1. Within the range 146-188, which residues are touching a helix residue (DSSP H, G or I) at 6+ places or on another chain (Cβ under 7 Å), modelled with pLDDT of 80 or more, of a type outside the set (Gly, Ala, Ser) and part of a helix (DSSP H, G or I)?
2. Looking at the range 114-124, is at least one residue surrounded by fewer than 19 Cβ atoms within 10 Å (Cβ to Cβ), in contact with a His (Cβ under 8 Å, 6 or more places away or on another chain) and not acidic (Asp, Glu)?
3. Looking at (1) touching a Cys at 6+ places or on another chain (Cβ under 7 Å); (2) assigned to a strand (DSSP E or B), can you tell me which one Pro52 breaks?
4. Among the residues in the range 32-42, are any touching a residue at least 12 places away in the same chain (Cβ under 8 Å) and part of a loop (DSSP other than H, G, I, E, B)?
5. Can you confirm whether Ile96 is within 16 Å of Ile16 (Cα to Cα), at pLDDT 90 or above, buried (at least 21 other Cβ atoms within 10 Å of the Cβ) and of a type in the set (A, V, I, L, M)?
6. Taking the range 78-93, which residues are more than 15 Å from the chain's Cα centre (by Cα) and either among the hydrophobic types (A, V, I, L, M, F, W, C) or buried (at least 22 other Cβ atoms within 10 Å of the Cβ) (or both)?
7. Anything in the range 38-63 that is surrounded by 18 or more Cβ atoms within 10 Å (Cβ to Cβ) and farther than 21 Å from Asn102 by Cβ? List them, or say none.
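The values are calculated or read from the model by the stated rules, or taken from the named source; none is laboratory data. Keep in mind the model is a prediction, meaning the values are calculated, not measured. For neighbour counting, all protein chains shown are included, and Cβ atoms are generated from backbone atoms with ideal geometry for every residue, glycine included.
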Amino acid sequence: MNAPVSEFPARRRELIGSGRFVLVVGPSGAGKDTVIAGAKAACGRDPTIIFPRRVVTRPITDAEDHDSLSDSSFDCAVKNNMFAFWWQAHGLKYGIPQSTGNDIRAGRTVVCNVSRGIVAAVQARYARVDAVLVTAPPDIISARLTGRSRQTDGPLTQRIERNASFKDFRPDYVIENIGTADTAVKTLLDMIYAKAPLPAVYQEYPGDNQQD
């Protein structure tokens with residue numbers, strides 16, 4: 001279940017801009033966190049690109065870079081309007097900090113890992129939203145999930161089957177994450193900067209100039 005309708009009123013209102021959300025989505029095991037981490041490292045000197053930390057009702061582990069809240073504390077944060085948007089998946093709650101709204105208003109680009117189920121609601125609230133689908137063949141995804149150690153991930157079959165519920169999802173960009181991480185990161189960087197001139201502070205990601 002995603003954020004209730006009351007979080008995004010049906011009445012027409014001015015969309016929030018002028019920055020841009022780059023929403024990285026995809027099935028568990030596609031490698032979204034790895035690709036985002038690589039892009040974050042490459043954009044480290046660019047103050048116009050923001051990579052917010054998600055808030056999750058899951059204990060902090062080495063497997064994911066996020067902030068943690070209990071269920072009750074998360075619910076309190078929702079009531080106090082601490083999130084720009086939030087959703088539920090895999091029995092957990094996820095939130096993107098409200099500060100990202102200020103980043104968007106300031107014209108920055110905000111890159112974050114979200115559920116495909118929340119994309120339409122974000123598009124209804126913000127003026128510039130692009131969805132980037134990171135995906136991979138089922139056998140690769142299964143192997144990656146099997147190798148993960150997060151006990152809170154839930155049953156493997158359930159996470160794989162959940163992907164089928166988004167078969168009609170239409171992203172703006174697609175990254176087939178089946179090669180090296182460098183390749184996928186470079187592709188995401190190209191997408192992040194797709195709607196703006198390449199800034200002087202853009203950092204080459206290791207491997208960009210390697211010849212075939």
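1. Of everything in the range 146-188, those that are touching a helix residue (DSSP H, G or I) at 6+ places or on another chain (Cβ under 7 Å), modelled with pLDDT of 80 or more, of a type outside the set (Gly, Ala, Ser) and part of a helix (DSSP H, G or I) turn out to be Val185, Leu188.
2. No; the residues of the range 114-124 include none that is surrounded by fewer than 19 Cβ atoms within 10 Å (Cβ to Cβ), in contact with a His (Cβ under 8 Å, 6 or more places away or on another chain) and not acidic (Asp, Glu).
3. (2)
4. Taking every residue of the range 32-42 in turn, none turns out to be touching a residue at least 12 places away in the same chain (Cβ under 8 Å) and part of a loop (DSSP other than H, G, I, E, B).
5. yes
6. Val78, Met82, Leu92
7. Once the filter is applied, which keeps residues that are surrounded by 18 or more Cβ atoms within 10 Å (Cβ to Cβ) and farther than 21 Å from Asn102 by Cβ, the range 38-63 yields Gly38, Ala39, Ala42, Val56, Thr57, Arg58.
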